[in-house]
Amino acid sequence: MARAIPTSRRLAFTALAWIIGLLIFFPIAWIILTSFKTEAVAIADPPVFVNFEWTLENYCLVGLFPEADAQGNGGWLRGLMCDPDTPQRSDYTRFLMNSIVIALGSTLLGLLIAVPAAWSMAFVPGKGTKNILLWMLSTKMLPAVGVLYPIRLILIELNMLDSKGSMIFILTMINLPIIIWMLYTYFREIPVEILEAARMDGAGLKEEILYVLTPMAVPGIASTVLLNIILAWNEAFWTLTLTTVDAAPLSAFIASYSSPEGLFYAKLSAASAMAIAPILIMGWFSQKQLVRGLTFGAVK
Amino acid sequence: MSLKTVLGATTALAICAAATTAFADGHATTITIATVNNGDMIRMQGLTEVFNETHPDIIVEWVTLEENVLRQNVTTDIAQGGGQYDVITIGTYEVPIWGANNWLTSLDDLPESYNIDDLLPAIRGGLTVDGTLYASPFYGESSMVMYRTDLMDAAGLEMPDAPSWDFIREAAIAMTDRENDIYGICLRGKPGWGENVAFITATSNSFGARWFDEDWTPQFDSDEWSNTLNFYIDLLNEAGPPGAANNGFNENLALFQQGSCGMWIDATVAASFVTNPNDSEVADRVGFALAPDNGLGRRANWLWAWSLAIPASSDAPEAAMAFINWATGPGYVEIVAEREGWANVPPGTRSSLYENQAYLDAAPFAQMTLDSILSADPTNPTVDPVPYTGVQFVAIPEFAGLATEIGQVFSSALAGLMTAEEALAAAQALAVEEMDAAGY
Amino acid sequence: MATQHSRSAARTMMAPAVFLLLVWMLVPLILTLWFSVMDYRPLRGTFECCEGLGNYIRFASSSSFQDAIVTTLIMVGGILLITVTGGILLALLLDQPIWGQGIVRILVIAPFFVMPTVAALVWKNMFMNPVNGLLAHLWEFFGAEPISWLTQVPLFSIIIIVSWIWLPFATLILLTAIQSLDSEQMEAAEMDGASPIARFFYIVLPHLSRAITVVILIQTIFLLSIFAEIFVTTGGGFGTRTLTYLVYQRVIESQNVGLGSAGGIFAVILANIVAIFLMRMVGKNLDK
């Protein structure tokens, strides 16, 4: 668009967009600000925004800086940042690791299953393809609470409760329809002529996928990966009901800080900030990639 | 972020995770303890090292969760025999039911040093089924009135040791100063069987109401219930904080600690939080009194004990028993007292604590707590006879689900979404339906 | 172009996905169907055949069932309305030439990365609390009586919280769609003297129809099973009990698995009715 826009109009739009953007973002900013307050400041009336005494106390308390182990290794950051009397309540790193393993694991497994399926649906569509796709999407509507009981019983039988493997599998299955759908719509936009040309040149199925298709599909796959990581990271029903220790991710970490006794806004904010920060940062850095493929075929 | 990076990162992480798992020692026993994120339990978690000094071969894994999530997970796990936990934190409502189902391990084998006869009889009775102890109390509580002495003085009133509901109402209205965010009375309004239903049921006992008559017929259509609910709603409307219908124990605690409540009728265990100068802005201005009554011979106080139990599905019952013996035995209070002061020890489980002068000196609320606990009688909670035990609950499996729904109805009435009469009619219908279906 | 060879290869490649999803759907569904005709109450130690349709009749005849369906539809509908309208407006705004567009976009999409539990906890405690919440302070600042959000307007409050999470998603998809709009067409319309409103209704909106459909479809799938936001804020009280939440109460809180499973089957049926509508809508669009 090479139209000249009057500066005044541009200014007005800019101001409006910034105001709305900041309003939408404000709750997150407020979490972050509150996490550096003491509990008393957190409920101050009238509320204070930046002019308070900033403290790391809450982060020390909820365990951002790991303690030294029995051999005295590590923990120097904690020693630097925290009052030694601040009791540490939880092992943030373990929850974080579990979140990472589960989110990435389910994303990889999901891709492994979804890419071939989406490929074949997009490039070799049969009569039933559309129905299969819609059916897949409909499995996503199975209400989790309704099937929690049987699934938990099955996991007990398999001795798979509280295991990262079962969480990876379950989250894969939950997000699989969305991944397939997203990849399918993306693949469909790749012109078939290119494939045909490759085939003329004698490329086999394997070469076709590996050397022709994949490079073209990378933006779509990247954005699928990102969306799936976000969805898996934020999942809080299955992860809370099927894990205890070994596989408990950040959703369980949050559940130990929601509504404890006494004043808790600052502690809750610190825990919240730590639970959302990794995904928020990842999201910001990769938002271009995320947006590029996140069309679900909406753009023609 | 390229695919390659993602792949690489995942592989690295997987190796990391595998390495950590391999690190765990094969000789030690690991026990998983599920507990509520209440202050006393968090303190217990913090003292794990002390436990390990005497039990180096037991690795303790903590699952500390918010009460509702914890209850949901523990109940489902034990009902399915999932075996996820070795020690669970449950209350006097669950223990009789789960014990009778043989879902809990008997604690009769606790060593001599546990001194079982030291437990307060009312608390011990609530955790015993057919003569077998199935859970060991970690802290016990009744409920009482906590009030601001300065606001009471300013209102020109004096709190008796055993107030009546009429006095509470009068005082609440006199203390309210909405302009300055001071509300005469804070009470539980948040829906849930352990939240507003606990409070309202205990209150209803003092109004002469009951959940069921001796034939298990629900009684919400009685005049006594109508009086109870109307009084409760009017009181909170006149002198309660805004949004009272969404305030539970924790919300009210926060309000009281920041000085917004004139009076608060709730768990005795809160006394140590509201008098703790680190957390409470009003620590030096709090008085205590027994829960109110209406002259009918029952006060509005309940009885509850957060207790530790071992699920029958645990694979490390000996280690679990050792932990319970440590955390609920007579020595635990000494450990806490030494580190955090006597006022912070878990109260309400052992008579010896109330004979300990150091504790009595440090805890001005001790006597009132003991009197409240001793005056609650779970086997005979109401004015008219009932077929059930439990002061603020009915010890049948159907209660939790039913009471939560009834709690939602009561909450809606408090929020003004329906009248008290409509709420009671709805509660009656829910109870009749549930009891019919359950085969009473 | 599809040869016999590539067809069979395609089938093989699709097989794992179809098989796994089939297992994932059928096994729990069959078990749930089985439980739903049993008297299954673990707390009583009861697991007895056969209730027949008893659980279904009991679940459907309780007044909470109808309320739950109405609540579900209002909640999903309300969130869709807010996110789609808001999304269109925001997308139009972000499509304008503004300074710092990249940063504004980052600000706008941020809520989508926030865990629903965290969002609900923070909104409930730090914003909607009638004494300490920021909104209460704001109301007081303007001399108004603070609203007790979660008890006075509980359903609306939850709709706001969930909309906050999903608005970025709608905005992103709609923004991409708007950006693909042919600018010559717009300019031509402008030359012809079409007002901005007319241009919006005759050019932009039709162009967006496909994107809107997609947003509605994907969001509905997620919104029908909203759980954490309700669990954290109202616990299903004050008329915010959706069908999903009602099933949760029956299965987990009451531990009446038979009854709850029957409710679960109703939820599946409701989801499929909604799905059929949506699929029709999208299916047409897919053929384009």
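For B:M152, the requirement of being assigned to a loop (DSSP other than H, G, I, E, B), in the same structural domain as B:A254 (by TED's automatic domain parsing) and either closer than 27 Å to B:L229 by Cβ or of a type in the set (A, V, I, L, M, F, W, C) (or both) is not met.
Note on region B:388-436: among residues that are more than 12 Å from chain C (Cβ to nearest Cβ) and not in a helix (DSSP H, G or I), the one that is nearest to C:S61 (Cα to Cα) is B:T419. Take C:V131 and tell me if it is crowded, with 20+ Cβ neighbours inside 10 Å, away from chain B (no Cβ under 13 Å) and β-branched (V, I, T). In short, no.
Table: residues versus (1) over 30 Å from A:S251 (Cα atoms); (2) without any contact (Cβ under 8 Å) to a residue 60 or more places away in the chain; (3) of a type in the set (A, V, I, L, M, F, W, C).
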| position | (1), (2), (3) |
| --- | --- |
| C:I57 | yes, yes, yes |
| C:V70 | no, yes, yes |
| C:L80 | no, no, yes |
| C:L92 | yes, no, yes |
| C:W99 | yes, yes, yes |
| C:V104 | no, yes, yes |
| C:V118 | no, yes, yes |
| C:V122 | no, yes, yes |
| C:P130 | no, yes, no |
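Residues that are under 16 Å from A:K140 (Cα atoms) and more than 8 Å from chain A (Cβ to nearest Cβ) occur in region C:8-19; there is at least one. Every listed requirement among (1) away from every other protein chain (no Cβ under 11 Å); (2) buried (at least 20 other Cβ atoms within 10 Å of the Cβ); (3) farther than 20 Å from C:L93 by Cβ is met by C:W166 save one, (3). Is one or more of the residues making up region C:23-45 among the small types (G, A, S), farther than 30 Å from A:P191 by Cβ and without any contact (Cβ under 8 Å) to a residue 40 or more places away in the chain? Checked against the condition, which is being among the small types (G, A, S), farther than 30 Å from A:P191 by Cβ and without any contact (Cβ under 8 Å) to a residue 40 or more places away in the chain, region C:23-45 yields at least one hit.
Being more than 28 Å from the chain's Cα centre (by Cα), at negative phi and not basic (K, R) is a property that A:T14 has. Can you confirm whether region A:70-86 contains a residue that is β-branched (V, I, T) and within 30 Å of B:G46 (Cα to Cα)? Yes; the residues of region A:70-86 include at least one that is β-branched (V, I, T) and within 30 Å of B:G46 (Cα to Cα).
Note on region C:21-35: among residues that are at the interface with chain A (Cβ under 7 Å from one of its Cβ atoms) and under 17 Å from A:N131 (Cα atoms), the one that is surrounded by the fewest Cβ atoms within 10 Å (Cβ to Cβ) is C:M25. Looking at B:A202, B:A245, B:A198, just one residue is within 17 Å of B:T404 (Cα to Cα), modelled with pLDDT under 95 and within 24 Å of the chain's Cα centre (by Cα), and that residue is B:A245.
In the set (1) modelled with pLDDT of 95 or more; (2) among the β-branched types (V, I, T); (3) touching a Leu at 6+ places or on another chain (Cβ under 6 Å), the condition left unmet by B:I33 is number (3). Scanning region B:75-121 for residues that are touching a helix residue (DSSP H, G or I) at 6+ places or on another chain (Cβ under 6 Å), assigned to a helix (DSSP H, G or I) and touching a residue at least 40 places away in the same chain (Cβ under 8 Å) turns up B:Y114, B:D118. Return yes or no: is C:V247 of a type outside the set (D, E), surrounded by 24 or more Cβ atoms within 10 Å (Cβ to Cβ) and closer than 30 Å to B:N247 by Cα? It is true that C:V247 is of a type outside the set (D, E), surrounded by 24 or more Cβ atoms within 10 Å (Cβ to Cβ) and closer than 30 Å to B:N247 by Cα. Within region B:398-433, the set of residues being acidic (D, E) and within 25 Å of the chain's Cα centre (by Cα) comprises B:E398, B:E405. The criterion of at least 2 residues that are facing another protein chain (nearest Cβ under 8 Å), without any contact (Cβ under 8 Å) to a residue 12 or more places away in the chain and more than 30 Å from C:Q152 (Cβ to Cβ) is met, among helices (runs of 4 or more DSSP H) falling completely within region C:219-288, by C:257-287.
Screening region B:55-74 for residues that are among the β-branched types (V, I, T) and touching a residue at least 40 places away in the same chain (Cβ under 8 Å) and picking the one that is farthest from the other protein chains (Cβ to nearest Cβ) gives B:I58. For region A:200-277, the helices (runs of 4 or more DSSP H) that sit wholly inside it and include 1 or more residues that are surrounded by 24 or more Cβ atoms within 10 Å (Cβ to Cβ), more than 11 Å from chain B (Cβ to nearest Cβ) and not hydroxyl-bearing (S, T, Y) are A:214-234, A:250-255. Go through (1) under 30 Å from the mean Cα position of the chain (by Cα); (2) outside any helix (DSSP H, G or I) for A:F25 and report which single condition fails. So A:F25 meets the others, but not (2). Answer yes or no as to whether B:L151 is modelled with pLDDT of 95 or more, more than 27 Å from the chain's Cα centre (by Cα), hydrophobic (A, V, I, L, M, F, W, C) and crowded, with 22+ Cβ neighbours inside 10 Å. Answer is yes for this residue. Of the residues that make up region B:385-394, is at least one surrounded by 21 or more Cβ atoms within 10 Å (Cβ to Cβ), under 25 Å from B:G243 (Cβ atoms), out of contact with any Cys (no Cβ under 7 Å at 6 or more places or on another chain) and in contact (Cβ under 8 Å) with a residue 12 or more places away in the chain? Yes: one or more hits. Where helices (runs of 4 or more DSSP H) fall entirely within region A:79-168, those with at least 1 residues that are in contact with a Gly (Cβ under 8 Å, 6 or more places away or on another chain), of a type outside the set (A, V, I, L, M, F, W, C) and touching a residue at least 12 places away in the same chain (Cβ under 8 Å) are at A:92-123, A:144-158. Helices (runs of 4 or more DSSP H) fully within region B:216-326 that include at least 3 residues being surrounded by 20 or more Cβ atoms within 10 Å (Cβ to Cβ) and within 14 Å of another protein chain (Cβ to nearest Cβ): B:249-257, B:270-274. Which number in (1) assigned to a loop (DSSP other than H, G, I, E, B); (2) at negative phi; (3) touching a residue at least 60 places away in the same chain (Cβ under 8 Å) marks the one condition that B:A172 misses? Only one criterion in (1) assigned to a loop (DSSP other than H, G, I, E, B); (2) at negative phi; (3) touching a residue at least 60 places away in the same chain (Cβ under 8 Å) is unmet by B:A172, namely (1).
Taking the criterion of being away from chain C (no Cβ under 11 Å) and of a type in the set (A, V, I, L, M, F, W, C), the residues of region A:156-190 that qualify are A:I156, A:L158, A:M160, A:L161, A:M167, A:I168, A:L171, A:F187, A:I190.
The values are calculated or read from the model by the stated rules, or taken from the named source; none is laboratory data. The shown structure was predicted, so the numbers you read here are calculated from the model rather than taken from an experiment. Glycine gets a Cβ as well: all are built from the backbone with ideal geometry, and neighbour counts include every protein chain shown.
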